Amino acid sequence: MTDMTDEIARRIAGLMPRAKADLAELVAIPSVADPRQYPPEKCREAAEWVAAAFAEAGLRDVHLEETPDGSHAVIGHRPPPPGAPTVLLYCHYDVQPPLDDSAWTSPPFELTERDGRWYGRGTADCKGNIVMHLTALRALGDDVPVGIKFVAEGSEEQGTGGLEEYVSPHAGELHADALLICDTGNAAVGVPTATTSLRGLANLVVTVSTLHGDMHSGMFGGPAPDALAALIRALDSLRDTDGGTRIDGLDCEGAWSGVGYDEQQFRTDAGVLDGVRLTGSGTVADRLWARPAVTVLGIDCPPVVGSAAAIPATARARVSLRVPPGTDPHAAQNALAAHLEAAVPWGARVGVEPESVGSPFRAATGGPAYTALDRAMQEVYGRPMSFLGQGGSIPLCNVLARTFPEAEIILMGVEEPRCLIHAPNESVDPGEIEHMANVEALFLRHYANRTGT
């Protein structure tokens with residue numbers, strides 16, 4: 001390691017108390033971009049905090065831009081030195097709602113240190129990545145060897161597409177040679193990783209009807225068709241005997257060729273109960289990153305408490321289908337709808353309402369940005385960079401790939417599996433913020449000459 005590399009590491013280590021204070025301030029702002037749950041003013045407060053922090057860190061013209069869904073993106077830039085490339089730094093400041101507050105060991109909007117980790121909603125997804133960007137820029141100070149463009153999204157967790165719609169008409173404002181999409185993370189703490197594959201999304205709501213209205217189960221039960229039972233049969237048909245996804249007309253046999261995912265580690269990361277088997281066949285990586293995966297997100301039917309002795313006349317379910325790269329999400333949604341329509345028994349009436357569709361994404365990894373990133377990760381972690389897939393969807397990646405086809409897109413960040421993003425007791429390992437900030441700072445230096453050497 002060079003003297004400058006050592007110096008950057010020392011600077012970042014010295015900045016970690018400030019990183020913790022910054023994250024505590026950000027976590028305390030309940031920036032859930034859903035006005036039905038939290039005041040919109042809280043998202044505005046978070047956006048203004050981000051704008052002020054990045055202006056102080058050396059970016060110019062940092063300001064808020066309203067996007068088509070009404071959310072505000074934070075935009076800023078720093079011009080490149082002569083002949084140097086430009087890098088876009090992405091993050092989002094909105095967070096998932098905390099869900100059940102009683103399931104949290106400590107208050108969700110209060111940064112709490114416990115067992116060497118920092119707990120709170122957004123500590124990892126994605127406010128931890130905001131702090132990672134800040135720490136890297138502060139460590140470089142005035143010696144930033146590339147141009148910087150910065151965007152912090154304000155409604156990513158709601159999936160309403162505000163930034164995606166903003167990109168095309170503002171392409172010049174966001175154009176860069178390399179795009180760091182910092183909303184993922186390492187395969188595990190200490191394992192440097194870039195995410196190269198994202199599954200797409202195809203959702204729908206299916207409604208099954210059998211009667212004009214609920215009928216007394218004692219008087220009519222038996223021959224009268226039960227809508228909930230019909231729906232359950234249709235939903236059950238989406239899986240084979242070992243629980244793997246099986247949808248007529250859809251390839252469900254894909255194989256993952258990258259780094260695998262240890263089954264026992266997956267069980268731990270996913271919180272699978274002892275004695276409960278994983279569903280499907282093939283490797284965990286095959287099932288997670290290379291094959292469609294169906295999930296029943298919710299069912300409308302009578303609740304247990306307060307239910308009557310009546311045959312349900314109508315039942316409906318919201319069904320989500322994650323699709324791997326190489327699968328068209330619209331075709332997958334059509335296949336899912338056709339499968340359910342055919343699987344509903346007893347001639348029951350069935351209606352399908354399509355919901356959101358998102359395309360899968362696969363990154364090209366052979367360019368100078370990936371070379372520079374691999375070097376930076378080896379210097380920080382002492383091991384080569386791994387490539388992994390991710391089961392989630394980031395529709396913005398596809399928009400950026402279409403708008404900037406020559407740019408390299410890198411997905412990285414602080415969100416390793418123990419973070420439990422979107423779940424109660426979300427947390428971040430502060431060492432990952434420190435190390436990934438170091439990676440980012442070194443990457444910017446190595447990428448400055450476009451060779452990574």
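The values are calculated or read from the model by the stated rules, or taken from the named source; none is laboratory data. Predicted model only: the values in this text are computed from it and were never measured. Don't worry about glycine lacking a Cβ; one is built from the backbone with ideal geometry, like all the others, and counts go over all protein chains shown. Surface accessibility is based on the protein's heavy atoms, side chains included, excluding ligands, DNA and RNA. Shrake-Rupley method; radii C 1.70, N 1.55, O 1.52, S 1.80 Å.
Looking only at residues of the range 150-170 that are among the charged types (D, E, K, R) and touching a Pro at 6+ places or on another chain (Cβ under 7 Å), we find that the one that is least open to solvent (accessible area, probe 1.4 Å) is Glu164.
For the structure I just gave you, tell me whether Leu89 is open to solvent by less than 10 Å² (accessible area, probe 1.4 Å), of a type outside the set (Val, Ile, Thr) and over 18 Å from Glu157 (Cβ atoms). Yes.
How many residues does the range 238-295 contain that are part of a loop (DSSP other than H, G, I, E, B), open to solvent by less than 70 Å² (accessible area, probe 1.4 Å), of a type in the set (A, V, I, L, M) and in contact with an Asp or Glu (Cβ under 8 Å, 6 or more places away or on another chain)? The total comes to 1.
Can you tell which of Gly58, Gly70 is surrounded by fewer than 20 Cβ atoms within 10 Å (Cβ to Cβ) and more than 25 Å from the chain's Cα centre (by Cα)? Result: Gly58 is the single residue among Gly58, Gly70 that is surrounded by fewer than 20 Cβ atoms within 10 Å (Cβ to Cβ) and more than 25 Å from the chain's Cα centre (by Cα). Residues that are assigned to a loop (DSSP other than H, G, I, E, B), more than 23 Å from Val191 (Cβ to Cβ), hydrophobic (A, V, I, L, M, F, W, C) and modelled with pLDDT of 95 or more do occur in the range 333-345, at least one of them.
Close Cβ contacts (under 7 Å, 6 or more residues apart or on different chains) running from residues in the range 190-206 that are closer than 30 Å to Val344 by Cβ to residues that are part of a loop (DSSP other than H, G, I, E, B) and open to solvent by less than 10 Å² (accessible area, probe 1.4 Å) comprise Arg199/Pro324.
Under the condition of being under 22 Å from Leu111 (Cβ atoms) and assigned to a helix (DSSP H, G or I), the residues counted in the range 418-439 number 11. The single condition among (1) in contact with a Lys or Arg (Cβ under 9 Å, 6 or more places away or on another chain); (2) surrounded by fewer than 16 Cβ atoms within 10 Å (Cβ to Cβ) that Ala308 does not satisfy is (1). Contact annotation: residue pairs with Cβ atoms under 6 Å, 6 or more positions apart or on different chains, pairing a residue in the range 408-428 that is hydroxyl-bearing (Ser, Thr, Tyr) with a partner that is in a loop (DSSP other than H, G, I, E, B) and surrounded by 17 or more Cβ atoms within 10 Å (Cβ to Cβ), are Ser427/Thr123. Taken as a whole, the condition of being assigned to a loop (DSSP other than H, G, I, E, B) and either in contact with a Leu (Cβ under 6 Å, 6 or more places away or on another chain) or crowded, with 20+ Cβ neighbours inside 10 Å (or both) does not apply to Asp142. In this structure, is Ala84 of a type in the set (A, V, I, L, M), surrounded by fewer than 24 Cβ atoms within 10 Å (Cβ to Cβ) and not in a strand (DSSP E or B)? It is true that Ala84 is of a type in the set (A, V, I, L, M), surrounded by fewer than 24 Cβ atoms within 10 Å (Cβ to Cβ) and not in a strand (DSSP E or B). Among the residues of the range 312-326, are any of a type outside the set (Gly, Ala, Ser), out of contact with any Asp or Glu (no Cβ under 8 Å at 6 or more places or on another chain), closer than 29 Å to Arg246 by Cβ and part of a loop (DSSP other than H, G, I, E, B)? Yes, because at least one residue in the range 312-326 is of a type outside the set (Gly, Ala, Ser), out of contact with any Asp or Glu (no Cβ under 8 Å at 6 or more places or on another chain), closer than 29 Å to Arg246 by Cβ and part of a loop (DSSP other than H, G, I, E, B).
Tell me, yes or no, whether the range 185-201 has at least one residue that is over 29 Å from Ala124 (Cα atoms), open to solvent by less than 30 Å² (accessible area, probe 1.4 Å) and assigned to a strand (DSSP E or B). Looking for residues that are over 29 Å from Ala124 (Cα atoms), open to solvent by less than 30 Å² (accessible area, probe 1.4 Å) and assigned to a strand (DSSP E or B), one finds none in the range 185-201, hence no.
Can you name the residue in the range 203-227 that is open to solvent by 40 Å² or more (accessible area, probe 1.4 Å) and aliphatic (A, V, I, L, M) and, of all such residues, is nearest to Pro329 (Cα to Cα)? The selected residue is Leu211. Considering (1) open to solvent by 40 Å² or more (accessible area, probe 1.4 Å); (2) touching a helix residue (DSSP H, G or I) at 6+ places or on another chain (Cβ under 8 Å); (3) closer than 15 Å to Val399 by Cα, the lone condition that Leu180 does not fulfil carries the number (1). Among the residues in the range 313-335, are any farther than 22 Å from Asn203 by Cβ, in contact with a Cys (Cβ under 8 Å, 6 or more places away or on another chain) and buried (at least 19 other Cβ atoms within 10 Å of the Cβ)? No, the range 313-335 contains no residue that is farther than 22 Å from Asn203 by Cβ, in contact with a Cys (Cβ under 8 Å, 6 or more places away or on another chain) and buried (at least 19 other Cβ atoms within 10 Å of the Cβ). Scanning the range 420-447 for residues that are among the hydrophobic types (A, V, I, L, M, F, W, C) and modelled with pLDDT under 95 yields Leu420, Ile421, Ala423.
Scan the range 440-453 residue by residue and report those that are open to solvent by less than 30 Å² (accessible area, probe 1.4 Å) and not in a helix (DSSP H, G or I). Matches in the range 440-453: Ala448, Gly452. Scoring Asp100 on the criteria (1) open to solvent by less than 10 Å² (accessible area, probe 1.4 Å); (2) modelled with pLDDT under 95 leaves a single failure, condition (1). Restricting attention to the range 289-346, the residues being of a type in the set (A, V, I, L, M, F, W, C) and under 15 Å from Gly392 (Cα atoms) number 7. Taking the range 347-364 as the range and being in a loop (DSSP other than H, G, I, E, B) and either charged (D, E, K, R) or under 18 Å from Pro324 (Cα atoms) (or both) as the test, the residues that pass are Ser359, Pro360, Ala363, Ala364.
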